[in-house]
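Notes follow once the structure below has been shown.
The values are calculated or read from the model by the stated rules, or taken from the named source; none is laboratory data. Everything numeric here is computed off the predicted structure, so don't read it as measured data. In this analysis, Cβ positions are derived from the backbone assuming ideal geometry, glycine residues included, and neighbour counts consider all displayed protein chains. SASA here: full protein model, heavy atoms, side chains in, ligands and nucleic acids out. Shrake-Rupley method; radii C 1.70, N 1.55, O 1.52, S 1.80 Å.
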Amino acid sequence: MKLVILEDHTKASEWAAKYIRNQIVQFNPGPGRYFTLGLPTGSTPLGSYKKLIEYYKNGDLSFRYVKTFNMDEYVDILAENTHILDGNAPDLEAECNAFEEKIKAAGGIDLFFGGIGPDGHIAFNEPGSSLVSRTRVKTLAMDTILANARFFNGDLTKVPTMALTVGVGTIMDAREVLILITGAHKSLALYKAIEDGVNHMWTVSALQQHPKTLFVCDEDATLELRVKTVQYFKGLLHVHNKLVEPLYSMKQNGAVKEAACYF
Ligand code: PGA
């Protein structure tokens, strides 16, 4: 597991976007060789999405040969390459099973980009979810309903109480997981994810058993971590920064180095 601690939400979002960009460019996607990306909703990833759109507009990154499994459409991704769970499907169980099958057919997820809730949920795997769960219908916890009311003009009665979500097991099957966590309200969840044991009441903690997880957070999210932990990972920042420096571009053939200008 890696933990990258940056000053604030903007810097953390940019770092995550650079990481995604480098992973896609270095994969060298093309016809018959798709990069498969899991994408989250919520407000946390918006800053990273903005950067990815910027890279796309500059011609540094193309999503032509990228498949996504997510709940939102995205930049220039071809409609046939996006996979979105349909909460209005007549048979929700069949919809969830089909989603799992589509992931399998795509060869699995290369990089799962996610956020977490203040209660430590990953995707909508609320406290108590099975750590081997698959895509399914979940009842949302009151904490999540309260947190999401902001997307519904603060009207609790308008927030759905059920959701379709990939399972913890689905996420654990991804070859790599990148989690972006910002804000003091997520600090207890980050502590549970990193310093406490694997526990189904904090489903993000399952990632302790994933072979390749990268947490990117801001200073505020580290408030519940031990000073020793924070200093340890800050001491490794120069090593972790090599993942985004140099920053690769698709502008020329193959993975071409671009001047690194992170700090
Ligand atoms: P947020 O949601 O990014 O809007 O905080 C994250 C989540 O609930 O998983």
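Is the range 171-189 home to any residue that is touching a residue at least 12 places away in the same chain (Cβ under 8 Å), part of a helix (DSSP H, G or I), of a type in the set (A, V, I, L, M) and within 11 Å of the ligand (Cβ to nearest atom)? Write out each step before concluding.
Filtering the range 171-189 down to residues touching a residue at least 12 places away in the same chain (Cβ under 8 Å) leaves 171-189.
In the following step, the residues that additionally are part of a helix (DSSP H, G or I) were identified as 171-172, 184-189.
The next check asks that each one be of a type in the set (A, V, I, L, M); those that pass are 171-172, 184, 188-189.
Those left that are additionally within 11 Å of the ligand (Cβ to nearest atom): 189.
Checked the range 171-189: at least one residue is touching a residue at least 12 places away in the same chain (Cβ under 8 Å), part of a helix (DSSP H, G or I), of a type in the set (A, V, I, L, M) and within 11 Å of the ligand (Cβ to nearest atom).
Only residues that are at pLDDT below 95, open to solvent by 60 Å² or more (accessible area, probe 1.4 Å) and within 16 Å of the ligand (Cβ to nearest atom): list them for the range 47-86, please.
Hits for the range 47-86 are M71, D72.
As an exercise: evaluate A147 against (1) within 9 Å of the ligand (Cβ to nearest atom); (2) in contact with a Phe, Trp or Tyr (Cβ under 9 Å, 6 or more places away or on another chain) and give the number of the one condition it does not meet.
(2) is the only condition that A147 fails.
From D196, D119, which residue is outside any helix (DSSP H, G or I), surrounded by fewer than 21 Cβ atoms within 10 Å (Cβ to Cβ) and near the ligand (Cβ under 10 Å from one of its atoms)? Walk me through how you get there before you give the answer.
On the way: D196 fails: near the ligand (Cβ under 10 Å from one of its atoms).
Just one listed residue meets the conditions, D119.
Among the residues of the range 125-141, are any part of a strand (DSSP E or B), away from the ligand (no atom under 14 Å from the Cβ) and under 18 Å from the mean Cα position of the chain (by Cα)?
No, the range 125-141 has no match at all.
How many of the residues making up the range 26-42 are open to solvent by 10 Å² or more (accessible area, probe 1.4 Å), touching a Ser or Thr at 6+ places or on another chain (Cβ under 9 Å) and either more than 16 Å from the ligand (Cβ to nearest atom) or without any contact (Cβ under 8 Å) to a residue 12 or more places away in the chain (or both)?
1
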